[in-house]
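Working notes, structure below.
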Amino acid sequence: MSDKIIGTDREAARQRLRQAFTDPREFTSSPLYRALSRTVAGEDRLLELAGRGRPGQYPTFLFFAAVHHLLLTGTRHPLAAFYPSLVGEGRQAAPGQEAGAALIAFCAEHEQALTEVISTRLVQTNQVQRAVGLRFGLSSIAAEVAAPVHLIEVGASAGLNLRFDRYGYTVGDRTFGDPASPVQLVTEHHGTGPLPDLDVLPDLASVRGVDLNPIDVRDPDARGWLEALVWPENHDQRALLAAALELTATDPPPIQAGDAIDVLPRLAGALPAGEPRVVFHSATRMHVPAHRLDAFDAAIASLGETGPLWWISVEDAPDPDPRPAPTRHGAALRLRAPDGERRTLAVVEGHLRWLETFTDA
Ligand SMILES: C[S@@+](CC[C@H](N)C(=O)[O-])C[C@H]1O[C@@H](n2cnc3c(N)ncnc32)[C@H](O)[C@@H]1O
């Protein structure tokens with residue numbers, strides 16, 4: 001390849017990175033990251049640093065988690081004063097719009113340590129609140145499944161969603177699950193459609209996860225990385241994560257290491273033939289490189305070759321949007337039944353802070 005083409009490719013990659021940081025709309029609940037994204041977009045050295053992650057990794061999430069990780073693990077720097085997570089709940093952090101110069105200085109001083117984190121860690125945010133989506137999906141199929149199901153979460157991270165049956169739930173004005181659990185998930189309910197009874201669930205024959213890099217819930221370093229992935233302002237999520245990690249550490253679900261593309265076809269052959277199985281994935285497919293997406297989908301579908309497969313997911317926006325007059329931007333909670341029928345069960349906020357049900361047209 002000529003130097004000119006390499007140079008052009010590099011420039012195109014930098015432009016894509018710049019775009020990701022210029023328009024960081026995903027940081028809905030983090031004014032600090034929105035402000036710092038603009039700093040990164042304007043600094044070639046920071047963009048270059050942010051681009052050192054593995055293919056498919058969201059550079060914005062990874063870069064800010066790496067900075068947060070160093071600060072949380074004891075690196076002392078004036079930048080910490082801008083982080084609500086570091087100044088502590090109830091105390092006022094310095095205004096995020098003024099943090100740019102401190103970020104640039106921090107990255108210059110800690111480039112090597114940041115590169116180490118960015119190039120080796122993955123975006124593995126385990127958002128236990130997404131268990132609401134899994135539970136909604138399972139209750140939606142409860143009447144259809146005749147036998148206990150094998151539950152497989154693809155991209156399970158630390159496996160917090162796989163312990164969905166040990167949490168308490170409040171969805172709108174209704175409560176489900178274990179009211180005494182230390183993990184209480186609260187979701188707003190909008191819309192006109194009925195909510196299924198989240199206490200009516202299929203029995204479980206087995207529960208397992210698959211992940212490129214399973215997080216050991218008992219390993220303090222791995223837990224620290226999950227904490228770094230929580231945005232600095234989100235004290236409630238940090239507390240929920242800590243409670244869910246504590247609970248899950250008492251009985252971690254098995255999580256097989258590997259790429260779902262390789263693992264699932266083998267698992268299809270290992271599951272008892274004819275027995276029902278449910279696959280769940282949330283915020284996972286979005287991290288699969290574009291040229292691997294067809295293989296990822298085919299690997300999941302292969303589980304349906306040896307038994308009836310229900311496929312539940314929370315990934316991207318519904319298309320088309322099933323709501324008559326959408327006002328909230330959210331992701332589709334999707335279900336694909338064994339006969340291939342696809343349905344959007346609800347539209348949900350990416351972290352399941354709210355869900356919206358609707359009546360079919
Ligand atoms: C952002 S986390 C989401 C974790 C969890 N599903 C949740 O909703 O909280 C995405 C997870 O998917 C895993 N992952 C990404 N691509 C994968 C693949 N091809 N096979 C298996 N795991 C994958 C990552 O390692 C990571 O732990």
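Within region 270-302, the set of residues being farther than 23 Å from Pro55 by Cβ and buried (at least 23 other Cβ atoms within 10 Å of the Cβ) comprises Arg277, Val278, Val279, Phe280. Scanning region 34-71 for residues that are under 21 Å from the mean Cα position of the chain (by Cα), more than 16 Å from the ligand (Cβ to nearest atom) and assigned to a helix (DSSP H, G or I) yields Arg34, Ser37, Ala50, Val67. Restricting the search to helices (runs of 4 or more DSSP H) fully inside region 99-166 and requiring at least 3 residues that are more than 23 Å from Asp44 (Cβ to Cβ) and away from the ligand (no atom under 16 Å from the Cβ) gives 131-141.
Working only within region 272-302, note down all residues that are in a loop (DSSP other than H, G, I, E, B) and within 15 Å of the ligand (Cβ to nearest atom).
Ala283, Thr284, Val288, Pro289
Report, by residue number, each residue of region 299-356 that is of a type in the set (Asp, Glu) and over 23 Å from Thr170 (Cα atoms).
Matches in region 299-356: Glu305, Asp316, Asp319, Asp321, Asp339, Glu341.
Could you go through region 113-135 and let me know if any residue there is more than 28 Å from Ala222 (Cα to Cα), open to solvent by 20 Å² or more (accessible area, probe 1.4 Å) and either in the same structural domain as Leu267 (by TED's automatic domain parsing) or out of contact with any helix residue (DSSP H, G or I) (no Cβ under 7 Å at 6 or more places or on another chain) (or both). There is no residue in region 113-135 that is more than 28 Å from Ala222 (Cα to Cα), open to solvent by 20 Å² or more (accessible area, probe 1.4 Å) and either in the same structural domain as Leu267 (by TED's automatic domain parsing) or out of contact with any helix residue (DSSP H, G or I) (no Cβ under 7 Å at 6 or more places or on another chain) (or both). Kindly check whether there is at least one residue in region 150-157 that is in contact with a helix residue (DSSP H, G or I) (Cβ under 8 Å, 6 or more places away or on another chain), open to solvent by less than 20 Å² (accessible area, probe 1.4 Å), over 30 Å from Tyr33 (Cα atoms) and β-branched (Val, Ile, Thr). Yes, the conditions are met somewhere in region 150-157. Sub-8 Å Cβ pairs linking a first residue in region 178-206 that is outside the structural domain of His150 (by TED's automatic domain parsing) and open to solvent by less than 50 Å² (accessible area, probe 1.4 Å) to a second residue that is of a type in the set (D, E, K, R) and at pLDDT below 95, at least 6 apart or interchain, number zero.
The values are calculated or read from the model by the stated rules, or taken from the named source; none is laboratory data. None of the values given here were measured: they were computed from a predicted structure. Here Cβ is always computed from backbone atoms with ideal geometry, including for glycine, and neighbour counts include all displayed protein chains. Side chains are part of the model used for accessible areas, which takes the heavy atoms of the whole protein and leaves out ligands, DNA and RNA. Shrake-Rupley method; radii C 1.70, N 1.55, O 1.52, S 1.80 Å.
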